[in-house]
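The values are calculated or read from the model by the stated rules, or taken from the named source; none is laboratory data. Keep in mind that what you see is a predicted model, and the values were worked out from it rather than measured. Every residue, glycine as well, gets a Cβ built from its backbone with ideal geometry; the counts of neighbours run over all protein chains shown. These area figures cover heavy atoms from the full protein model, side chains too; ligands, DNA and RNA do not enter into them. Shrake-Rupley method; radii C 1.70, N 1.55, O 1.52, S 1.80 Å.
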Protein chains: 2
Amino acid sequence: MIDFCKKPISNRSKYAAIAQKRCHLPSGHTGRCSEFPFLKHLTGTHKRVADKIKRDATMTTGAAWKSDDAGPNRILRWVMLLSDEELLDYGLDMSNLRPGVVAKLRDKAATYENCINVAIKLTWLVYQMPHAPSPPQAIHDYLKLALDVEPLDEVETTCEICLLPLSFNMFEDAMRGKALIETCHKDPRYHNPENVGFAHRECNIAQGAKSLEDFYDWIAGILERYQRL
Amino acid sequence: MIDFCKKPISNRSKYAAIAQKRCHLPSGHTGRCSEFPFLKHLTGTHKRVADKIKRDATMTTGAAWKSDDAGPNRILRWVMLLSDEELLDYGLDMSNLRPGVVAKLRDKAATYENCINVAIKLTWLVYQMPHAPSPPQAIHDYLKLALDVEPLDEVETTCEICLLPLSFNMFEDAMRGKALIETCHKDPRYHNPENVGFAHRECNIAQGAKSLEDFYDWIAGILERYQRL
C-alpha cells in the first residue's frame, strides 16, 4: 500500500464535480503533484501504450455504439455511477437508450479510486511483459508497493484468458486498426484491479460477455461433446 | 442426387453474365421452372428465415465493411471468382481495398452450383431443428435426395461448433438486431455444403477466422494451461 498525497488536481472537465482528481505521488513527496506519476516513464518511451492504459482504466469502451440511440462512445467510468436523473443534468438521457445499452454502460461504472488502481495494475503488467522497456527503479518500487506484489509475482505477464505470455511488441502490431492486446475483465461486470488484466484481442472476443469462469466451463463442455463424437 | 432441370432462368442483374441462374426442380418436372423450389414452403411460413438461407448461401457477408475502402457490403459469391481485371468492368476496383479485405472477399468466393447446394443443405438443417415447421413430404423427399441423406441422419440440427441443439425459435429472437443463429463454416475458406452449417452467434464469434479443427485445438490448449494452474 502507498499513502497517496491525494491533494486535489485542477480539472476543467464538465464532469469535474463528480470525482475530484487527486495526486497519486506518495504523501510528503517533493515537487509537483501528479495524477498518474507511475505512467511518467512509459509516456516518455511509449506514449500510445501509456495513453491506452489511462483510457482503458478510466473510460467505458464503445465498441459497437455508433448509432445515435446507442449511447455515448466513451465516457468516464465514474460518470456512470450517477443516477438517471443526475445524468440528465449532463445532457445524457439514459431513457433514450436501449435497455441493453444502458445495462452495458452501467456494468462499466467504477469509482475514481478503482480506476486509478486499475491503471497501476495495468502499468505493472505492461512492464512485466517480454520485450517491455524496464521501468526506473523508483517506478518499479512504486508499483510493487502500490499493488502489494511479492517478489515471486515478478513473472511474465500472460493473457488472462489463454494464459500464454503477452509480448509488449503486440502493442505495436495491429490488425485492421485494432490492437492485438486488449484490456480484459475476469468478470465483465466489475472494474477493479483484481478483476482486470490484458488479453489477446481474439481471446477477449471469444470470452465475450461471459465471466472467465463461465468461459472455461463453456469451452470444457464443447470439448467434452466434441470428444464424445 | 437429383437430376436438375437446369433450364436457364431469366436474370436482369448486372452480374447475370457471370453465372446463369437455373431451374432446380427435378428434370422433366411439370409447371414453371424455379431456382429455389426447396424454399417455397419455408418462404410461405417463415419468409425471413428463407431469405436468410438464400442470402447466406449466395452472398458474401459484410460484417465490418462499412468504410469506403473496405469493399462492397454484400456481393454474390461467384462474382468474387472473377479476376481483378474482370471486376474492373463491373466497377469494382480491388486495388483500392486493403489486402486483408481482398483476402477475406476472395475466401468467400464460391461457384453458383456450390451456393445452390449450400442453400439446400441449410434448408434441410432448418427443418431438422427443434420447433421448426414440418416440410411438405415432397420437399422433405427432395432435400433428402439432393443431399443423399440416410434415414439415420434425420437427427436434431446442432450448432456445428458447440454441438448443442439449435432451436428454430432462435431465428425469431435477436440481440441488438443481430440474429442468434448464424451460418458458419467449418473452414472459413470454403463455401460448400460439407463445410457449411448453422451455429450460435456467440460460438461463431468465438471461432473467428480459425478452422473448427484449429478452434478445438486452441480451446483444448487453454483448458490444459488453466487446469495446470
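A few comments on the model shown:
- GNM top mover of A:Q128, A:Q207, A:Q20 - chain A, alpha-carbon springs below 10 Å: A:Q20
- For segment B:98-138: rounded, prolate or oblate by the Cα gyration tensor [a/c cutoff 1.5]: oblate
- Computed magnitude of the charge dipole of the protein assembly as shown (debye, nearest 20; Cβ of K, R +1, Cβ of D, E -1): 1500 debye
- Average projection area in nm² (convex hull over Cα atoms of segment B:70-149, one quarter of hull surface): 7.2 nm²
- Of the solvent-accessible surface of chain A, computed with a 1.4 Å probe and all protein chains present, 51% belongs to carbon and sulfur.
- Taking amide H as placed 1.01 Å from N in the peptide plane, the amide H of B:F4 sits under 5 Å from that of B:S27, each at least 5 places away or on another chain.
- Once the C-beta distance of A:Q137 and B:D173 is scaled by a Förster radius of 51 Å, the resulting FRET efficiency is 0.35 to the nearest 0.05.
- Our helix-only sum for the protein assembly as shown, with -39,500 (n - 2.57) per DSSP H run of n ≥ 4 divided by its residues, gives a mean residue ellipticity at 222 nm of -11000 deg cm²/dmol.
- Summarising the label geometry, the points placed 7 Å from Cα in the beta-carbon direction at A:N96 and B:I18 lie 4.1 nm from one another.
- Shape annotation for the protein assembly as shown: C-alpha extents along the principal axes are 94, 47, 46 Å, from largest to smallest.
- Overall Cα dimensions of segment A:152-229 - principal axes, largest extent first, Å: 41, 30, 27
- Aspartates and glutamates with Cα under 18 Å of B:K178, excluding same-chain neighbours fewer than 8 positions away: A:D68, A:D69, B:D51, B:D56, B:E202
- For A:K108, the lysines whose Cα comes closer than 16 Å to its Cα, not counting residues fewer than 8 places off in the same chain, are A:K54, A:K186, A:K210.
- Rounded if a/c under 1.5, otherwise prolate or oblate - chain A, Cα gyration tensor axes: oblate
- Size of charge dipole - segment A:68-199 - debye, nearest 20, with Cβ of Lys, Arg +1 and Asp, Glu -1, no other charges: 320 debye
- Distance in nm between pseudo-label sites at B:A220 and B:K7 (7 Å out along the Cβ direction from Cα): 5.3 nm
- Chain A contacts chain B over a buried accessible area of about 2100 Å², both sides summed; the probe is 1.4 Å and only protein chains count.
- Note on chain A: with charges restricted to the Cβ of Lys and Arg (+1) and Asp and Glu (-1), its dipole about the Cα centre is near 800 debye.
- Amide H contacts of A:C184 (H built 1.01 Å from N, under 5 Å, at least 5 apart or other chain): A:G197, A:F198, A:A199
- Probe 1.4 Å, accessible area per residue of chain A, Å²: 53 Å²
- Once the Cα gyration tensor of segment B:1-136 is diagonalised, semi-axes √(5λ) in Å: 30, 19, 11
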